[in-house]
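**Student:** There's a structure below that I have some questions on.
Since every read-out is calculated from the coordinates, none of them should be taken as a lab result. For clarity, every value in this text was computed on a predicted model and none was experimentally measured. As a convention, Cβ positions derive from the backbone with ideal geometry for all residues, glycine included, and neighbour counts pool all protein chains shown.
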Amino acid sequence: MILSWRNRRAHNNKMKNNNRLCEDLDAEINVPTHFRCPISVDLMKDPNIERWIEAGNETCPFTKQVLETFDLIPNHILRRMIQDWCVQNRSLGVERIPTPRIPVSQCEVSEVCSRIVAATRRGDGKKCGELVRKIKNWGKESERNKRCIMENGTACILSASFESFARDSFEKHINLLVEILSVLSWMSPLGKEGRSKLGTESSLRCIIWLLRNGDLSGRQSAVLVLKEILHSDERRIITNTLRAIEGVVEALFFLIKEPISPTATKASLMAIYCMISSTTKNDMITSRFLEMGLVGVIVEAIVEADKSVCEKALSVLDEICNTEKGKEEACNNALIMAVLVRKVLRVSEWATELSVSILWKLCDEESVRIEAIQVGTFKKLLVILQVGCGESTKEKVKELLKLLNVYNNRVDCSVDSSMGFKYLKKPF
């Protein structure tokens, strides 16, 4: 016990000495005011002003005056002064800030794009791969580079190259095709011509193959690009093309059942929504999703999902409930009523509207209405009317209240106490 106490006291003394040393060090380093970023108030290292403007700010963070232009000019003199100051204070633990790379120019992007077109025409996959990696590396350097790349029609050129090599033999050029998709995954929108090239049967077969057989990065890139292709006016045509490709339903389903990243999950949900919303009610694609158990997987995903995933999952579930088979599968799910009621007024206005829409579609059966009462739906609907909602949602809420009112006083309600009745403006 004595030894333990002594060790503890020695440790505490050591921590006090370290804290004192850190305080002394902070006191010794006096960063000049004009070296500090007015946004982060830290030593200027990277262009925070780019993120400031991208966030929608139109004023100077230092003077608060309205910016007359958003063209950014690097201050090389100030950067060198900061670097010199860092070198002078190296002994105090200050690291020299790196010299930023020169942003890529439109001419450089255009030249590389022209060489990609030429390499694609020759069928030179190796050269094309080198050029695509060059564009990929430019994009990694800064958001400014990404904007410059996208503004010069690169998406269309890469899409055409992808379609050409996929049509030739995608197994032979698989590494190149993966590289192209990884670049296209952060380009949005792809443009009508780009989507047209990626929406051909040869391109879609390659994308679906990567969804099923690629590594984690390849699968994520593939689903992001597929989502962009489907999220357009041509989605009905593209969905018809996907019908002939084996494994598309399974690939998207497993990205939700066994998620690899939130980004991939959201893209997969959006792709599924686009596919089932552009087909007829008894379409084979919707039926296949239901056979695989999509309703159950989505309900489980909603339970702990963040706002964005929850909204997209509810959108898919709402669309599924437009079909008789989908409604049947939803009514047979033991969790769905409790999950929907719990998400009302907890996630977002849009999630609340979707939850009400699904409840409205499911409450045809008496057994469903009784279950809805048991999980506290009636009181939650009253809260929605108090808080306020859109006209369409209000009509659905009123219809639901009429349907459920018959059972309200004769069904034992075990309401979750955390349902959030703080929204009530007056007692009923």
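**Student:** Which order do the peptides 115-126, 372-383 take when ranked by the mean count of other beta-carbon atoms within 10 Å per residue, highest first?
**Tutor:** For the peptides 115-126, 372-383, the packing ranking is 372-383, 115-126.
**Student:** Moving to a separate point now. Cross-link list LYS140/LYS227; LYS64/LYS136; LYS307/LYS396: which exceed 25 angstrom alpha carbon to alpha carbon? Could the numbers behind the result be given before it?
**Tutor:** Details: LYS140/LYS227 22 Å; LYS64/LYS136 36 Å; LYS307/LYS396 23 Å.
The answer is LYS64/LYS136.
**Student:** Of CYS37, CYS86, ASN48, which is farthest on the positive side of the dipole of the stretch 33-92, counting Cα position, with +1 on Lys and Arg Cβ, -1 on Asp and Glu Cβ, and the Cα centre as origin?
**Tutor:** CYS86
**Student:** Which value, in debye to the nearest 20, gives the size of the charge dipole of the stretch 102-230 about its Cα centre, when Lys and Arg are +1 and Asp and Glu are -1 at the Cβ?
**Tutor:** On the way: 21 positive and 15 negative charges, 18 e Å.
Computed charge dipole of the stretch 102-230: roughly 80 debye.
**Student:** Using the Cα centre as the reference, give the magnitude of the dipole from point charges on the C-beta atoms of the chain (Lys, Arg: +1; Asp, Glu: -1; all else neutral), rounded to the nearest 20 debye. If you can, show how the numbers build up before the last one.
**Tutor:** Working: 62 positive and 55 negative charges, 207 e Å.
The dipole of the chain has a size of about 1000 debye.
**Student:** So which residue, out of TRP350, TRP186, TRP52, gets the largest mean-square fluctuation from a GNM of the chain using Cα contacts under 10 Å as springs?
**Tutor:** Looking only at TRP350, TRP186, TRP52, the biggest GNM fluctuation is shown by TRP52.
**Student:** Divide by every residue of the chain the summed helix terms, -39500 (n - 2.57) for each DSSP H run of at least 4, and state the resulting mean residue ellipticity at 222 nm, rounded to the nearest 500 deg cm²/dmol.
**Tutor:** -21000 deg cm²/dmol
**Student:** Given the pairs LYS361/LYS402; LYS312/LYS380; LYS266/LYS343; LYS197/LYS327, which span a C-alpha to C-alpha distance of over 26 angstrom in this model? Don't skip to the end; give the middle numbers.
**Tutor:** Values: LYS361/LYS402 14 Å; LYS312/LYS380 22 Å; LYS266/LYS343 18 Å; LYS197/LYS327 37 Å.
Flagged as over cut-off: LYS197/LYS327.
**Student:** Let me ask you something else. Can you return the aspartates and glutamates within cross-link range of LYS192? Criterion is Cα-Cα under 13 Å, with same-chain partners fewer than 8 residues away left out.
**Tutor:** Filter leaves GLU228, ASP233, GLU234.
**Student:** Still on this model: Which one of GLU130, GLU58, GLU304 has the biggest mean-square fluctuation once the chain is modelled by GNM with Cα springs under 10 Å?
**Tutor:** Its mean-square fluctuation being the largest, the pick is GLU58.
**Student:** Cross-link candidates for LYS134: which aspartates and glutamates have Cα within less than 18 Å, leaving aside residues fewer than 8 places away along the same chain?
**Tutor:** GLU108, GLU111, ASP124, GLU143, GLU151, GLU179
**Student:** Further question: Charges at C-beta only: +1 for Lys and Arg, -1 for Asp and Glu. How large is the resulting dipole of the stretch 273-318 about its Cα centre, in Debye rounded to 20?
**Tutor:** 160 debye
**Student:** Report the convex hull volume per residue for the chain, counting only C-alpha atoms, in Å³.
**Tutor:** Values: hull volume 113.3 nm³, N = 428.
So the per-residue hull volume is 265 Å³.
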